[in-house]
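Values quoted throughout were computed directly from the atomic coordinates according to the rules given, and no laboratory measurement underlies them. Not measured: the values here are computed from a predicted model. So basically every Cβ, Gly included, is an ideal-geometry build from the backbone, and we count neighbours across all protein chains shown.
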Amino acid sequence: MIYEMRTYTAMPGKLRSLVKRFEETTHQTFLKYGFRPLGYWTEGIGDNTKLHYILEWEDDTDRLTKWAEFRKDPDLAAAFAKSEENGPLVANIQNSIWLKTSFSPVITTT
C-alpha cells in the first residue's frame with residue numbers, strides 16, 4: 001500500500017466553498033472511481049486556509065489509473081465549473097506519496 005497526502009490551500013475566503021465541494025461532489029466521485037479516502041481535515045489552529053486529505057492506494061499504477069479516470073469525468077468537470085462561477089477555489093495543491101515503515105500500526109477503515 002501507498003498513501004497520498006494532499007493539501008489544498010484555498011483562495012482567500014474560499015475554504016468553506018472548497019470543503020462544500022468536497023462534501024457534495026469530490027468525495028462521491030472519488031468513491032465512484034474506487035479511491036479509498038482515509039479522511040479529510042481542516043486546521044483548528046493555524047491559518048485555516050487548508051484542506052488536507054489522505055488516500056490509500058494499492059500501488060502507484062492504481063493511483064495513476066484512477067486519477068486519470070477521475071479527471072475525465074464530465075459530471076465532475078461541470079460541478080467544478082459551477083463551484084467556481086465566482087472565481088477559483090484553490091490557490092495551491094501540495095502532494096506527497098507516503099510509504100509505510102515496517103513498524104507502522106495497521107490502519108483499519110470502515
For residue 40, placing the label point 7 angstrom along Cα-to-beta-carbon and taking region 77-110, residues whose amide nitrogen sits under 17 Å are 77-84, 89-94, 110
Dimensionless Rg/Rh of the chain, both radii on Cα and Rh by Kirkwood, sits at 0.98
When the chain is treated as a Gaussian network with springs between alpha carbons less than 10 Å apart, the largest mean-square fluctuation among 48, 86, 95 is found at 86
Between the modelled labels at residue 93 and residue 52 (7 Å from Cα along Cα→Cβ) the distance in nm is 1.9 nm
In a Gaussian network model of the chain with springs linking alpha carbons closer than 10 Å, the residue among 25, 61, 49 that fluctuates most is 61
Phi-derived 3J(HN,Hα) across region 89-94 with the Karplus relation (6.51, -1.76, 1.60, θ = phi - 60°), rounded Hz, x for Gly and Pro, is 9, 10, 8, 7, 10, 10
Scalar couplings 3J(HN,Hα) for region 74-84 by Karplus 6.51 cos²θ - 1.76 cosθ + 1.60 (θ = phi - 60°), nearest whole Hz, x for Gly and Pro, are x, 5, 5, 4, 5, 5, 5, 4, 5, 5, 10
The rounded separation in angstrom of the Cα centers of region 19-47 and region 56-110 is 9 Å
Taking a straight Cα-to-Cα line shorter than 17 Å from residue 32, and setting aside same-chain aspartates and glutamates fewer than 8 residues away, one finds 23, 24, 56, 58, 62, 69, 73, 75
Rounded to the nearest 500, the 222 nm mean residue ellipticity computed for the chain from DSSP H runs (n ≥ 4, each -39500 (n - 2.57)) alone is -9000 deg cm²/dmol
